[in-house]
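Trainee: Just passing along the structure, written as structure tokens.
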Amino acid sequence: MSDDCAYQQLRERIRAGEFAAPTAGEAPGYIQANLVAVPKAYAFDFLLFCQRNPKPCPLLEVVDAGEVAPRRLAPDADLRTDVPRYRVWIKGELAEEPTDVSAVWRDDLVSFLLGCSFSFEKPLRDAGLDVRHITCGRNVSMYRTTIPCREAGVFAGPMVVSMRPFLPRDALRATLITGAFPQVHGAPIHQGNPAAIGIGDLAQPDYGDAVPIDEGEIPVFWACGVTPQAALLTAKLPFAITHAPGHMFITNIQEEQLQWFSESVC
């Protein structure tokens, strides 16, 4: 599969129901995105939540109610079918995790696409760094922290982080590399002692899979786009749709093109 068509062929497999796995390491070099779709009545609150919490919720595009194709990121896509696995939320509770939400999609949903740290994993690997969950064939480890997000309307809750272990010297290299990608979470928010941010057991992630941490390595934590799903638990919206953690929307955009996403996303 050539790099030029990797994203398109993967989305076609997802749409056909042939791929429903986590997307870490898939379509390398192309930006991946978190999905949050909320009723229009709550869209301003969620937009404000993203603006107040740009580290975990870096906004790439807002798709108007009644539309299902992200015009900037992937105009040939369909948000109802092109995510490997979704989560459907009813009154703040997880109702189901389907691979297609066409049957439950509503015309009043405003969709938000947020940057994902999977997008900077190719540069990490290109630099010779071991991205452990890809090496192990697992989903990334994700944890709820005690770091509070800034509230916005009905949305509030803790920051969620993803974790990748590195030797200290490689953690510094990873910080420098990922700091160049603020649109997909940028540099880590914490390194070392997980208890300092409220994580009790690295072997028991709240989302995703645990990965081995070798002797001498330290855990390195990045803000994560699953944060809005923690906020949905408290917001208790009548209805919402998100991606399942680790199962991202694949865009048409290459990582070198991220710079022009510093412009307006609405």
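Trainee: Kindly establish whether Ala41 is assigned to a loop (DSSP other than H, G, I, E, B) and of a type in the set (Gly, Ala, Ser). If you could, list the steps in order and put the result at the bottom.
Mentor: Values: assigned to a loop (DSSP other than H, G, I, E, B): no; of a type in the set (Gly, Ala, Ser): yes.
Considered against the rule, which asks whether it is assigned to a loop (DSSP other than H, G, I, E, B) and of a type in the set (Gly, Ala, Ser), Ala41 comes out as no.
Trainee: Now for a different question. Looking only at the range 127-142, decide whether some residue is part of a strand (DSSP E or B) and surrounded by 18 or more Cβ atoms within 10 Å (Cβ to Cβ).
Mentor: So the first thing to find is which residues in the range 127-142 are part of a strand (DSSP E or B), and the list is 141-142.
If we keep only those that are surrounded by 18 or more Cβ atoms within 10 Å (Cβ to Cβ) too, we end up with 141-142.
Checked the range 127-142: at least one residue is part of a strand (DSSP E or B) and surrounded by 18 or more Cβ atoms within 10 Å (Cβ to Cβ).
Trainee: Between residues in the range 17-41 that are under 15 Å from Pro98 (Cα atoms) and residues that are surrounded by fewer than 16 Cβ atoms within 10 Å (Cβ to Cβ), which pairs lie under 7 Å by C-beta distance while being six or more apart or on different chains?
Mentor: Listed pairs, sorted by first residue: Phe19/Arg13.
Trainee: Something else: Under the condition of being in contact with a helix residue (DSSP H, G or I) (Cβ under 8 Å, 6 or more places away or on another chain) and within 29 Å of Phe112 (Cβ to Cβ), which residue from the range 190-206 is surrounded by the most Cβ atoms within 10 Å (Cβ to Cβ)?
Mentor: Per the criteria, the residue is His190.
Trainee: If you take the residues of the range 242-252 that are buried (at least 23 other Cβ atoms within 10 Å of the Cβ) and not in a loop (DSSP other than H, G, I, E, B), which of them is farthest from the chain's Cα centre (by Cα)?
Mentor: Taking the candidates together, the pick is Thr251.
The rows are residues; the columns are (1) buried (at least 18 other Cβ atoms within 10 Å of the Cβ); (2) touching a Cys at 6+ places or on another chain (Cβ under 8 Å); (3) not assigned by TED's automatic domain parsing to the domain that holds Ala127; (4) not β-branched (Val, Ile, Thr).
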| residue | (1), (2), (3), (4) |
| --- | --- |
| Tyr7 | yes, no, yes, yes |
| Leu10 | yes, no, yes, yes |
| Phe19 | yes, no, yes, yes |
| Ala24 | yes, no, yes, yes |
| Ile31 | yes, yes, yes, no |
| Ala37 | yes, no, yes, yes |
| Phe44 | no, no, yes, yes |
| Asn53 | yes, yes, yes, yes |
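Trainee: Now, a different point. In the range 1-38, which residues are in a loop (DSSP other than H, G, I, E, B), of a type in the set (A, V, I, L, M, F, W, C) and touching a strand residue (DSSP E or B) at 6+ places or on another chain (Cβ under 9 Å)?
Mentor: Across the range 1-38, the qualifying residues are Ala24, Ala27.
Trainee: Could I ask something else about it? Does any residue of the range 82-101 turn out to be part of a loop (DSSP other than H, G, I, E, B), closer than 21 Å to Lys40 by Cα and hydroxyl-bearing (Ser, Thr, Tyr)?
Mentor: No: the range 82-101 contains no residue that is part of a loop (DSSP other than H, G, I, E, B), closer than 21 Å to Lys40 by Cα and hydroxyl-bearing (Ser, Thr, Tyr).
The values are calculated or read from the model by the stated rules, or taken from the named source; none is laboratory data. Note that the coordinates shown come from a computational prediction; the quantities given were computed from them, not determined experimentally. Cβ atoms come from the backbone with ideal geometry, glycine included; neighbour counts cover every protein chain shown.
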